[in-house]
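The values are calculated or read from the model by the stated rules, or taken from the named source; none is laboratory data. As the structure is a prediction and not an experimental result, all values here were calculated from the model. Ideal geometry is used to build each Cβ from the backbone, glycine not excepted, and the neighbour counts take in all protein chains shown.
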Amino acid sequence: MAENSQTQKLLAETLGTGTLVFIGVGSVPATLMVGGDAPFTMAQLGMISLAFATAVVAMIYTIGHVSGCQINPAVTLALAATGKMPWREVPGYLAAQALGAILGSLAIIGVLGHKAVAAGLGIAAYGQGVGAGQAFIAEAIGTFLLALVVFGAIDGRAPGGFAGMAIGLAVFAIIIPVAPATGAAINPARAFGPMLVGQFAGAEVQWGQFPVYVVAEVIGAVLAGVVYEFVLNTRRAAQTAAPAVEPVIVKEALS
């Protein structure tokens with residue numbers, strides 16, 4: 001089977017991340033706009049979680065066979081750190097994901113107008129009374145669990161064709177307990193895009209919180225990769241070190 005070019009892979013990552021942000025992040029101001037002054041409820045959080053999850057599932061089955069549908073810089077770094085993709089491809093993937101998040105955020109404003117900005121544009125921020133330490137723990141644990149599911153779902157021993165559902169359901173479940181603390185970014189691109197666009201659109205942006213999101217998410221994802229590769233993946237005990245492979249999340253798992 002012919003491989004997609006690097007340009008095609010990067011375009012796919014841009015489209016995938018943009019879709020994730022537009023649908024997932026966009027569901028936050030949309031929910032607040034529809035709800036008006038009514039108190040925010042668990043039902044609304046569930047719908048937002050579902051929006052993120054369905055966007056992830058849809059993109060995995062749409063572009064997974066093109067770029068791997070990583071759409072998350074923390075996952076990309078974890079894959080590189082565990083030898084599953086070449087480091088030379090990482091900068092391009094990170095840039096494509098950041099660009100996609102920016103475009104997705106602009107699309108939210110294009111569709112919902114300035115009301116989306118007034119509603120916060122879905123920008124990730126600490127919950128009331130949450131400090132940097134608690135936020136770090138929340139994002140690290142959330143991203144760790146997400147990345148752990150990713151590594152397990154793409155394992156050749158996992159049931160074929162179910163990676164999209166497994167990863168999407170993980171996103172849905174993780175957002176529920178993490179969102180009240182930090183908005184459950186669990187993705188540096190998802191945090192960055194709305195912050196940058198919101199800054200220029202007049203939304204309130206807490207840039208001082210951004211490093212906590214990035215560091216916690218990267219540490220959580222890389223740790224998950226290490227745990228899976230050296231603790232849960234029993235095949236390594238009988239194998240020599242494998243060479244780096246193409247940056248794949250779901251190509252094999254979907255086949």
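Tabulated results
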{"item": "Matching residues, the stretch 213-228, being of a type in the set (A, V, I, L, M, F, W, C), within 19 Å of Lys84 (Cα to Cα) and either surrounded by 21 or more Cβ atoms within 10 Å (Cβ to Cβ) or touching a Cys at 6+ places or on another chain (Cβ under 9 Å) (or both)", "result": "Val218, Ala221, Val222, Ala224"}
{"item": "Subset of the stretch 217-255 [more than 23 Å from Gly68 (Cα to Cα), at pLDDT 55 or above and either among the hydroxyl-bearing types (Ser, Thr, Tyr) or touching an Asp or Glu at 6+ places or on another chain (Cβ under 9 Å) (or both)]", "result": "Thr234"}
{"item": "Where a residue in the stretch 135-158 is free of Cβ contacts under 8 Å to residues at least 60 places away in the same chain and its partner, wherever it lies, is assigned to a loop (DSSP other than H, G, I, E, B) and surrounded by 21 or more Cβ atoms within 10 Å (Cβ to Cβ), with Cβ under 7 Å and at least six apart", "result": "none"}
{"item": "Top-ranked residue in the stretch 1-60 [being of a type in the set (Phe, Trp, Tyr) and assigned to a helix (DSSP H, G or I); ranked as nearest to Ala74 (Cα to Cα)]", "result": "Phe52"}
{"item": "Hits in the stretch 20-53 - residues which are of a type in the set (Val, Ile, Thr), within 15 Å of the chain's Cα centre (by Cα) and surrounded by fewer than 22 Cβ atoms within 10 Å (Cβ to Cβ)", "result": "Ile23"}
{"item": "Top-ranked residue in the stretch 118-162 [being among the charged types (D, E, K, R) and surrounded by fewer than 20 Cβ atoms within 10 Å (Cβ to Cβ); ranked as farthest from the chain's Cα centre (by Cα)]", "result": "Arg157"}
{"item": "Residue in the stretch 57-67 that is under 14 Å from the mean Cα position of the chain (by Cα), modelled with pLDDT of 95 or more and surrounded by fewer than 24 Cβ atoms within 10 Å (Cβ to Cβ) present", "result": "yes"}
{"item": "Qualifying residue in the stretch 110-117 (condition: buried (at least 24 other Cβ atoms within 10 Å of the Cβ) and modelled with pLDDT of 95 or more)", "result": "yes"}
{"item": "Per-region count, the stretch 186-212, residues surrounded by fewer than 24 Cβ atoms within 10 Å (Cβ to Cβ) and in contact with a Gly (Cβ under 6 Å, 6 or more places away or on another chain)", "result": "1"}
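Yes or no, residue by residue, for (1) charged (D, E, K, R); (2) buried (at least 24 other Cβ atoms within 10 Å of the Cβ); (3) closer than 17 Å to Gly152 by Cα:
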residue: Pro73; (1), (2), (3): no, yes, no
residue: Ala81; (1), (2), (3): no, no, yes
residue: Ala96; (1), (2), (3): no, yes, no
residue: Leu103; (1), (2), (3): no, no, no
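Every residue, every condition in (1) within 14 Å of the chain's Cα centre (by Cα); (2) in contact (Cβ under 8 Å) with a residue 12 or more places away in the chain; (3) more than 24 Å from Ile154 (Cβ to Cβ), yes or no:
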{"site": "Ala179", "(1), (2), (3)": "yes, yes, yes"}
{"site": "Arg190", "(1), (2), (3)": "yes, yes, no"}
{"site": "Gly193", "(1), (2), (3)": "yes, yes, yes"}
{"site": "Leu223", "(1), (2), (3)": "no, yes, no"}
